[in-house]
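Visitor: This is the structure, below, for whatever I ask next.
The values are calculated or read from the model by the stated rules, or taken from the named source; none is laboratory data. Because the structure is a prediction, the values reported are computed rather than measured. A quick note on method: Cβ atoms are made from the backbone with ideal geometry, for glycine too, and the neighbour counts reach across all protein chains shown.
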Amino acid sequence: MSEEKKDLGQEILKEINQDPATTEHTKKPFLGKAAIPLLAIVTGLIIGALLIAITSQSVYAAFGESIGKGFSTAFSEIGTAYKALFTGAIGDPVRMINALGGDDAKELRQAFNPFLESLVQSTPYIFAGLAVALGFRSGLFNIGVEGQLFIGAACATFVGYSITGLPAWIHMPLAFLAGALGGALWGFVPGFLKAKTGGHEVINTIMMNWIAFRLTEWLLSGPMTRPGSGGMPISPIIQKTAEIPQFFPSPIRFHLGFFMALAVAYLIWWLLFKTTWGLNLRTVGTNPRAARYAGLSTTKSIILAMSLSGALAGMAGAVQILAVNRSMALGLSSGYGFDSIALALIGNTHPVGVVLASILFGTLRNGATRMMVVSSIPIDIVDVVQAIILMFVAAPAIIRSIYHLRKPKQEEDQIFLSGWGGQS
Amino acid sequence: MTPILELKGITKRFPGVLANDHIDLSLNKGEILALLGENGAGKSTLMNILYGLYQPDEGEILVNDEKVTINSPTDAINQGIGMVHQHFMLIPVFTVTENVMLGNEAVKQAGFLDRKKAADRILEISNHYNLEVNPNDYIRDLPVGVQQRVEIIKLLYREAEILIFDEPTAVLTPQEADELFKIMRSLVEQGKSIIFITHKLREVMDIADRVMVIRRGAMVGETTPAQADKKSLAAMMVGRAVDLEVDRTESTPGELVCSVENLTVADKFQNIVVDDISLEVYSGEIVGIAGVQGNGQTELVNAITGLQKSLSGKISLLGEDVTKFSPRQITELGSAHVPEDRQADGLVLPFSVAENLVLCTYYKEPFAKGVLLQYPVILKNAEKLIEDFDIRTPNAFTPVGSLSGGNQQKVIIARELSRPIKFLVASQPTRGLDVGSIEYIHKRIVQKRDEGCGVLLVSPELDEIMELSDRIAVMYRGKIIAVVPNKGISKEYIGLLMAGVVPEEPIQFDETAVVEATF
């Protein structure tokens, strides 16, 4: 061992151990945080492509002829599918550019409609994703977003059709608020049970989901049924004054709700990171013992967090009713409540991340419809891709080893959850 | 004489850290080698390499002059290397015999366990080394000191020649520690060799034949207790001169700050763990609560700080009855609490240093206006405290979880002591910290006392209690069995009290014990 070498080792150690102020924190933290989700999305799409290839009949047929042909067919299949996905989700670039050059307003709108429709699809995801993210940040696993969404939708619908004669600037917000309140109530119950009796919120929110489903079924086929629907479980159409306005004539559905979602996301970010309430929620969520030590009331925090989370979920239901569906039927949600758990995780439970992840999901969903039409690839492939992305986000070690990323030195921004039967 | 074990140029790198830097070490047959170093110096990494849990990046291991590769603990034990872990690896509901057999079972013909044979071996080993262990006892019934001896028997049963002890005294009373040292002596007398990992200087002086000091991954020196003293060892360990003794003047107790009357507290299983305790703390004095861990200290502290409800009794703080107060009400009266488990209770690890520094006061002016957090003020506060309390952190935004243990504790100390407080409850304030941090935190606590704060110090480290306290209360099985002024009493005396024995001779004057009571 030469002296020099030993000194070098010590120098390095000194550099790393002793005065980290000069060495760490040189990289932008955001890139580090976004790297895993971005790579997960890329990997998800690649694996999706493989699935498209191996589930395609024509690829097998081509491989039967020759290997080269097999590969070229596989690539063209994947190409067609992803092209359809892209044009379905964003739009046809050529058409968009032409439309921009021309002065046909209708053509312009239609060229950009796929993109706008993706945003429409994203809107309920944003609300629902925020609901789950807020829960996670507060140490609660709100698995009842779907039920809260249904109750929120029902409340918004009821206020939307039953009250007449109000001006739009009162009626619409009122209906929206009613949705939020309904969801909040549905979140409050399991929150209260958790805080007062220690009943686990996962169990109780699942139970509340079933109550919500059956309750709305009864409402829609009973007290809230549309006159003359012949027993179909569907509500009356809401008043014009309760509608969240769409910006363009039909069939373009892009509506104000998207911007309301962004505003709410901003509000949640502000609440969580800029106010004492938010610090309160996050402290209880991250370390309930330290929260108690610091003199916080975990009871209050849990109830508040569940109610707020429920309110956000209720908004997801309300916005779908008031902006898109305009009446309530049982097929209201395509699993927003459950996808939202994935969204919150992919978005690292941060409002900005949730918005981005929601737009991704909305876009994929929207594009998948066209992909199914053009290349007869089932829409379920998008579910698979979403699941793969989620899996990689949840198990970042896989992504790190695939792409040879170094483990971040800083403690990862983890999601802290009180385990089953743990803290209560 | 060739050493029984030799490490040559052992180097281990973790991403971004050089944990062991070309370490050379040799262990002779029949000696006790102390491996001294602060937390995080690389002692554990080195021993884990020896025990087969890590592979070295460079360097070689020689046992009896033969090069060996150790890929697992099984390899290690096959080479005659065994380890007594700090936290015992025993199954409470099994007997000693069953625990010792586990993984190396003696069997009869048809594959049945041969408990008799194993028990006989254990008894033989126990008698041979004076371990006094009954093979048929259940682990759960045994005191900690005996459990540790079971761990030692496990190794001897597997015919280990080299025994590694990883901070073995952390869980023991002083008496049990003395017992252990006797056993270690008898082991080496019978030809075993021992590596003894510690950061306690006194133990090194007491028991080691040779000392090697590790600092920041490198071997910085080798000496013998005869040639060194505690001061020089501490300096080697920390890399600078260290004040081992806190400058502590005579206390000047003032008015009553905290009084506990007939307090009884139960744990969550409804066992009485604090049993009818009365205690008083005056301003300007430090009252130390000595006692082996788990004798009710935790619950006593929880009750005083409002974290746990008491069954009966009364707690008064600054003249107010706070028995039914919430933690926040108690804090707002002017009480501070350095909790026993800093990571579980005292900090929110993923939060920034700045946020942790206002964990108890974030809702008040000037840190918040209404519900709006004033981050500029919070940051300014953080920067000041980071400076004042010498918290080594990249910046105020760094998550507390990525700081070292010593700096995490400094964050808590800074937060609690920077408030205008009249009463401080410090529960194991230096647990697991290195010499430098201990020195610093002790000074801060004494300084707070001198400012007129009443301090209740709870620690299972008798040295710490004797070093800092003006009065010492000894807790044993939920009761305070003695309160004595810390003047001219011996460590042995307190040690006996900690074991529940009330000595007939009340106080034996032993000046050396008081002066040398450090670390």
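Visitor: Tell me, please, whether a residue that is of a type in the set (D, E, K, R), within 25 Å of B:Asp434 (Cα to Cα) and either touching a Pro at 6+ places or on another chain (Cβ under 7 Å) or not assigned by TED's automatic domain parsing to the domain that holds B:His442 (or both) can be found in segment B:186-201.
Guide: Yes - at least one qualifying residue is present in segment B:186-201.
Visitor: Tell me which of these B:Leu279 doesn't satisfy, since it passes every other one: (1) within 14 Å of another protein chain (Cβ to nearest Cβ); (2) crowded, with 16+ Cβ neighbours inside 10 Å; (3) farther than 25 Å from B:Ala170 by Cβ; (4) not acidic (Asp, Glu).
Guide: Checking B:Leu279 against (1) within 14 Å of another protein chain (Cβ to nearest Cβ); (2) crowded, with 16+ Cβ neighbours inside 10 Å; (3) farther than 25 Å from B:Ala170 by Cβ; (4) not acidic (Asp, Glu), the one that fails is (1).
Visitor: Quickly run through segment B:340-360 and pick out the residues that are at the interface with chain A (Cβ under 10 Å from one of its Cβ atoms), out of contact with any Phe, Trp or Tyr (no Cβ under 6 Å at 6 or more places or on another chain) and assigned to a loop (DSSP other than H, G, I, E, B).
Guide: B:Asp341, B:Leu347, B:Val348, B:Leu349, B:Pro350, B:Phe351, B:Leu359, B:Cys360
Conditions (1) more than 19 Å from A:Gly160 (Cβ to Cβ); (2) within 14 Å of another protein chain (Cβ to nearest Cβ); (3) surrounded by 15 or more Cβ atoms within 10 Å (Cβ to Cβ); (4) more than 21 Å from the chain's Cα centre (by Cα), marked per residue:
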site: A:Met208; (1), (2), (3), (4): yes, no, yes, no
site: A:Leu215; (1), (2), (3), (4): no, no, yes, yes
site: A:Thr225; (1), (2), (3), (4): no, no, yes, yes
site: A:Ile234; (1), (2), (3), (4): no, no, yes, yes
site: A:Ile252; (1), (2), (3), (4): yes, no, yes, yes
site: A:Leu256; (1), (2), (3), (4): no, no, yes, no
site: A:Ala261; (1), (2), (3), (4): no, no, yes, no
site: A:Lys274; (1), (2), (3), (4): yes, yes, yes, yes
site: A:Tyr293; (1), (2), (3), (4): yes, yes, yes, yes
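Visitor: While we're on this one: May I ask you to verify whether A:Leu31 is modelled with pLDDT under 70, closer than 30 Å to B:Leu403 by Cβ and more than 14 Å from every other protein chain (Cβ to nearest Cβ)?
Guide: So A:Leu31 passes the test.
Visitor: Still on this structure, I have one more. So which residues in segment B:251-278 are under 12 Å from B:Glu299 (Cα atoms) and either in contact (Cβ under 8 Å) with a residue 12 or more places away in the chain or of a type in the set (Phe, Trp, Tyr) (or both)?
Guide: Correct list: B:Leu263, B:Thr264, B:Val265, B:Ala266, B:Asp267, B:Ile272, B:Val273, B:Val274, B:Asp275, B:Ile277.
Visitor: Take B:Gly9 and decide whether it is surrounded by 17 or more Cβ atoms within 10 Å (Cβ to Cβ), within 14 Å of chain A (Cβ to nearest Cβ) and closer than 20 Å to B:Arg215 by Cβ.
Guide: No, not satisfied.
Visitor: If you take the residues in segment B:247-262 that are touching a strand residue (DSSP E or B) at 6+ places or on another chain (Cβ under 8 Å) and β-branched (Val, Ile, Thr), which one is farthest from B:Lys314 (Cα to Cα)?
Guide: For segment B:247-262, the residue satisfying everything is B:Val257.
Visitor: Can you tell me how many residues in segment B:16-67 are surrounded by fewer than 16 Cβ atoms within 10 Å (Cβ to Cβ) and over 19 Å from B:Gly191 (Cβ atoms)?
Guide: Total meeting the criteria: 7.
Visitor: OK, next. Here's a check for you: in segment A:279-290, which residue that is free of Cβ contacts under 8 Å to residues at least 40 places away in the same chain and under 25 Å from the mean Cα position of the chain (by Cα) is farthest from the other protein chains (Cβ to nearest Cβ)?
Guide: Among those residues, the one meeting the criterion is A:Asn280.
Visitor: Continuing with this model, one more query. Quick check: anything in segment A:375-382 more than 14 Å from chain B (Cβ to nearest Cβ), assigned to a helix (DSSP H, G or I) and modelled with pLDDT under 80? Please lay out each step first, then the result.
Guide: At the first step, the residues of segment A:375-382 found to be more than 14 Å from chain B (Cβ to nearest Cβ) are A:375-382.
When the remaining residues are screened for being assigned to a helix (DSSP H, G or I), the result is A:375, A:380-382.
Okay, now just the ones that are also modelled with pLDDT under 80, so A:375.
Yes, segment A:375-382 has at least one match.
Let's see how each residue does on (1) at pLDDT 90 or above; (2) of a type in the set (A, V, I, L, M); (3) part of a loop (DSSP other than H, G, I, E, B):
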{"residue": "B:Met212", "(1), (2), (3)": "yes, yes, no"}
{"residue": "B:Ala228", "(1), (2), (3)": "no, yes, yes"}
{"residue": "B:Met237", "(1), (2), (3)": "no, yes, no"}
{"residue": "B:Arg240", "(1), (2), (3)": "no, no, yes"}
{"residue": "B:Val246", "(1), (2), (3)": "no, yes, yes"}
{"residue": "B:Thr249", "(1), (2), (3)": "no, no, yes"}
{"residue": "B:Thr252", "(1), (2), (3)": "no, no, yes"}
{"residue": "B:Cys258", "(1), (2), (3)": "yes, no, no"}
{"residue": "B:Glu261", "(1), (2), (3)": "yes, no, no"}
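Visitor: Next question. Report, by residue number, each residue of segment B:24-36 that is at negative phi and more than 10 Å from chain A (Cβ to nearest Cβ).
Guide: Once the filter is applied, which keeps residues that are at negative phi and more than 10 Å from chain A (Cβ to nearest Cβ), segment B:24-36 yields B:Leu25, B:Ser26, B:Leu27, B:Asn28, B:Lys29, B:Glu31, B:Ile32, B:Leu33, B:Ala34, B:Leu35, B:Leu36.
Visitor: What number of residues within segment B:168-210 are part of a helix (DSSP H, G or I) and within 19 Å of B:Lys230 (Cβ to Cβ)?
Guide: Going through segment B:168-210 one residue at a time, the tally reaches 13.
Visitor: Now, a different point. If you check B:Glu151 against the conditions, is it crowded, with 17+ Cβ neighbours inside 10 Å and under 25 Å from B:Gln293 (Cα atoms)? Let's see the steps before the verdict.
Guide: Details: crowded, with 17+ Cβ neighbours inside 10 Å: yes; under 25 Å from B:Gln293 (Cα atoms): yes.
Spelling it out, B:Glu151 is indeed crowded, with 17+ Cβ neighbours inside 10 Å and under 25 Å from B:Gln293 (Cα atoms).
Visitor: Inspect all residues belonging to segment A:88-105 and state whether any of them is in contact (Cβ under 8 Å) with a residue 60 or more places away in the chain, touching a helix residue (DSSP H, G or I) at 6+ places or on another chain (Cβ under 8 Å) and part of a helix (DSSP H, G or I).
Guide: The initial filter retains those residues of segment A:88-105 that are in contact (Cβ under 8 Å) with a residue 60 or more places away in the chain, namely A:88-90.
Right, trim to touching a helix residue (DSSP H, G or I) at 6+ places or on another chain (Cβ under 8 Å) and you get A:88-90.
Right, trim to part of a helix (DSSP H, G or I) and you get A:88-89.
Yes: one or more hits.
Visitor: Considering only residues that are touching a residue at least 60 places away in the same chain (Cβ under 8 Å) and not β-branched (Val, Ile, Thr), which ones fall in segment B:140-155?
Guide: Matches in segment B:140-155: B:Gln148, B:Glu151, B:Lys154, B:Leu155.
So that you can scan it fast, the table gives a plain yes or no per residue for (1) touching a strand residue (DSSP E or B) at 6+ places or on another chain (Cβ under 9 Å); (2) surrounded by fewer than 24 Cβ atoms within 10 Å (Cβ to Cβ); (3) touching a residue at least 40 places away in the same chain (Cβ under 8 Å); (4) part of a loop (DSSP other than H, G, I, E, B):
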| site | (1), (2), (3), (4) |
| --- | --- |
| B:Asn407 | no, yes, no, no |
| B:Val411 | no, no, yes, no |
| B:Pro420 | no, yes, yes, yes |
| B:Val425 | yes, no, yes, no |
| B:Gly436 | no, yes, yes, no |
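Visitor: For segment A:163-180, give me the residue count where each residue is over 17 Å from A:Gly257 (Cα atoms) and either among the aliphatic types (A, V, I, L, M) or without any contact (Cβ under 8 Å) to a residue 24 or more places away in the chain (or both). Spell out how you get there, then give the answer.
Guide: Kept after step one, since they are over 17 Å from A:Gly257 (Cα atoms), are these residues of segment A:163-180: A:163-167.
Next cut, either among the aliphatic types (A, V, I, L, M) or without any contact (Cβ under 8 Å) to a residue 24 or more places away in the chain (or both) only: A:163, A:165-166.
Number of matching residues: 3.
Visitor: Residue check: is A:Met306 hydrophobic (A, V, I, L, M, F, W, C), touching a Gly at 6+ places or on another chain (Cβ under 9 Å) and farther than 25 Å from A:Thr87 by Cα?
Guide: When the stated conditions are applied, A:Met306 passes them.
Visitor: Scan segment A:303-341 for residues that are modelled with pLDDT of 95 or more and over 21 Å from A:His255 (Cα atoms) and jot them down.
Guide: A:Ile303, A:Leu304, A:Ala305, A:Met306, A:Ser307, A:Leu308, A:Ser309, A:Gly310 - these are the residues of segment A:303-341 that are modelled with pLDDT of 95 or more and over 21 Å from A:His255 (Cα atoms).
Visitor: When you scan segment B:387-405, how many residues do you find that are buried (at least 16 other Cβ atoms within 10 Å of the Cβ) and either more than 10 Å from chain A (Cβ to nearest Cβ) or at positive phi (or both)?
Guide: 4
Visitor: Give me the pairs: first residue in segment B:101-115 and of a type in the set (Gly, Ala, Ser), second residue assigned to a loop (DSSP other than H, G, I, E, B) and surrounded by 14 or more Cβ atoms within 10 Å (Cβ to Cβ), beta-carbon distance under 9 Å, and six or more apart or on different chains, which are they?
Guide: Within 9 Å, the pairs are B:Gly103/B:Arg158; B:Ala106/B:Asp114.
Visitor: Continuing with the same structure: Sort out which residues of segment B:324-339 are outside any helix (DSSP H, G or I) and either basic (Lys, Arg) or facing another protein chain (nearest Cβ under 8 Å) (or both), and write them in order of number. If you could, list the steps in order and put the result at the bottom.
Guide: Residues of segment B:324-339 that are outside any helix (DSSP H, G or I), as a first pass: B:324-326, B:335-339.
Within segment B:324-339, B:Lys324, B:Ser326, B:His337, B:Pro339 meet the criteria.
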